[in-house]
Amino acid sequence: MAVTGAVMVLFLILHVVGNLKVFSGAESFNEYAHWLRHVGEPAVPGRTVLTLIEVVLLVSVVLHMWAAISLTRRARKARPVKYAARRKSQASGYATHTMRYGGVVIVLFLIWHLLDLTFATVNPAGAAGLPYDRMVQGFAPERWPVTLFYTLALVMVGLHLRHGLWSAFQTLGLASGKAYRPLKLAAAGLSAVLVLAFLSVPFAILIGVVK
Amino acid sequence: MSGMNLTLKVWRQKGPADEGRMVTYHVEDVSPDMSFLEMLDVLNERLILEGDDPVAFDHDCREGICGMCGMVINGVAHGEQRATTTCQLHMRHFKDGDTITIEPWRAAPFPVVKDLVVDRSAFDRIIQAGGFISVPAGSAPDAHTIPVKKADADAAFDAATCIGCGACVAACPNGSASLFTAAKITHLGLLPQGQPERDSRAKAMVEQMDAEGFGGCTNTGECTAVCPKGIPLETIARMNRDYLRAK
């Protein structure tokens, strides 16, 4: 969980930096998208870097899900008889208890997100549209349910990272006494920054700052 | 002074093969100065007089240091009072007219023996796998023969306060025994005497824990919150570190 999660977090950081290019205009954003597809040419064929990233991500997602599913199955086997009383959480950590269903929401979102902005099958601009147009038309004000879904999913991503980020350090044995407070604060901080940065784009389009 | 009247919903199970069920009892005139176990003693005395089978529960020292007692009270292992074993939980924390649900630790590796008594031999087998140091036995060595840093001694002692009650397993949503195992690994792994077997100990104990059928740790922190000895989550990080190094 920790290693594959870390790979995905690093990707999210790169992803959001790319997204913010939308604020420097259509040309800059489309150029960036073009560059992503052609970086390394002619030393390596087009899309080499992008394909490499996609493969690493796909493997990470699959292994992360496999780890989550096997942990859940082990947990069910370890407690065949449930408690009659509602088990009250004694540890403060709302995010911790959203990990499993949150993960499912994120996977569903991921499918929609790829269909929307990668394969453009559910995007109004279509596969022929330039990346910038796909983004702007995809989050157009009349498509507010899409924006709402993105917002909910990103909040789930934020909660997932809130627990996942420090948890990775714990799992890898890198956390110790004095480090917990700064670790948890950093986890909360980075999660919030990532979510707000991701949300800034659809909301900028919604209120017409980016068009 | 009049005592409290309580409604208890208690898990009754005749034996390992019995299916078990929740049974409701009323206990009257409970003094707020009674411990939780004394309140159950009152119920049991009445059940015996009535020719009924008393509610079986584990207990020994009743001072909060032996680790024998433990039950899930209103969904919380050892009840909601922090850093307290069931025997040290007092009835003053309850109100007249309260309904209290009492259940045994729930985990596949802790099969119910009877009512609220579970078999915690799985913990013994984890200790047998590596929770010791191999030294020539003899007379006790002089104190300070081997210097130990104060910070290490304190942390090792904190981990050594684990009484092996099993509340961590009962509270964990995954039924994991990580806090128990980690406490033992931390206790021995921090001291010079524990160094020679540090790697093999971590590996053997973690593998035994998994073999017993406990769940995996997902860092929820529920264990340390209910632990009567306040064993910190940090011990689990140390266990993971030692285990990864051993592998």
- Query: Can A:Arg162 be described as free of Cβ contacts under 8 Å to residues at least 40 places away in the same chain and either within 14 Å of chain B (Cβ to nearest Cβ) or in a helix (DSSP H, G or I) (or both)?
  - Reply: no
- Message: So for segment B:128-147 (the condition being more than 14 Å from chain A (Cβ to nearest Cβ), under 16 Å from the mean Cα position of the chain (by Cα) and part of a helix (DSSP H, G or I)), does at least one residue qualify?
- Response: no
- So is A:Phe149 among the hydrophobic types (A, V, I, L, M, F, W, C), at pLDDT 95 or above and closer than 30 Å to B:Ala155 by Cβ or not? no
- Query: Say we look at segment B:231-247 and pick out the residues that are open to solvent by 40 Å² or more (accessible area, probe 1.4 Å) and not in a helix (DSSP H, G or I); which of these is nearest to the other protein chains (Cβ to nearest Cβ)?
  - Reply: B:Pro232
- Query: Just checking, how many residues over segment A:75-114 are part of a helix (DSSP H, G or I), free of Cβ contacts under 8 Å to residues at least 40 places away in the same chain and at the interface with another protein chain (Cβ under 8 Å from one of its Cβ atoms)?
  - Reply: 4
- How many residues does segment A:166-211 contain that are within 14 Å of chain B (Cβ to nearest Cβ) and either among the small types (Gly, Ala, Ser) or in contact with a Lys or Arg (Cβ under 9 Å, 6 or more places away or on another chain) (or both)? 12
- Message: Let me spell it out: the conditions are (1) under 30 Å from B:Thr224 (Cα atoms); (2) open to solvent by 40 Å² or more (accessible area, probe 1.4 Å), and A:Ser191 meets all of them except one. Which number is the exception?
- Response: (2)
- Item | Yes/no for A:Ala95 being modelled with pLDDT under 95, among the small types (Gly, Ala, Ser) and crowded, with 16+ Cβ neighbours inside 10 Å | yes
- Task: Answer yes or no as to whether B:Ala155 is open to solvent by 10 Å² or more (accessible area, probe 1.4 Å) and either of a type outside the set (Asp, Glu) or touching a Pro at 6+ places or on another chain (Cβ under 6 Å) (or both).
- Result: yes
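Quick grid of which residues meet (1) in contact with a helix residue (DSSP H, G or I) (Cβ under 7 Å, 6 or more places away or on another chain); (2) hydrophobic (A, V, I, L, M, F, W, C):
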site	(1), (2)
A:Ser89	yes, no
A:His97	no, no
A:Phe109	yes, yes
A:Leu117	yes, yes
A:Ala127	no, yes
A:Tyr150	yes, no
A:Val157	yes, yes
A:Leu161	yes, yes
A:Gly173	yes, no
- Item | Candidates B:Asp60, B:Asp41, B:Asp96, filtered to the one that is under 28 Å from B:Phe123 (Cα atoms), at pLDDT 95 or above, exposed (fewer than 13 other Cβ atoms within 10 Å of the Cβ) and more than 14 Å from chain A (Cβ to nearest Cβ) | B:Asp60
- Query: From A:Arg100, A:Arg47, A:Arg37, A:Arg76, which residue is among the basic types (Lys, Arg), open to solvent by 70 Å² or more (accessible area, probe 1.4 Å) and within 19 Å of the chain's Cα centre (by Cα)?
  - Reply: A:Arg100
- Task: Starting from segment A:20-34, take each residue that is without any contact (Cβ under 8 Å) to a residue 24 or more places away in the chain and list its partners that are hydroxyl-bearing (Ser, Thr, Tyr), counting only C-beta distances under 8 angstrom and pairs at least six apart or across chains.
- Result: A:Lys21/A:Ser28; A:Lys21/A:Tyr32
- Item | Filtered residues of segment B:162-196 (kept if out of contact with any His (no Cβ under 9 Å at 6 or more places or on another chain) and over 25 Å from B:Gly213 (Cα atoms)) | B:Leu190, B:Leu191, B:Pro192, B:Gln193, B:Gln195, B:Pro196
- Message: Would you confirm whether or not segment B:207-222 contains a residue that is closer than 17 Å to B:Val169 by Cα, assigned to a helix (DSSP H, G or I) and in contact with a Lys or Arg (Cβ under 7 Å, 6 or more places away or on another chain)?
- Response: yes
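The values are calculated or read from the model by the stated rules, or taken from the named source; none is laboratory data. In this text, all values refer to a predicted model and were calculated from it rather than measured experimentally. Every residue, glycine among them, receives a Cβ derived from its backbone with ideal geometry; neighbour counts consider all protein chains shown. Ligands, DNA and RNA are stripped out before the accessible areas are found, and what is left, the full protein with its side chains, is counted by its heavy atoms. Shrake-Rupley method; radii C 1.70, N 1.55, O 1.52, S 1.80 Å.
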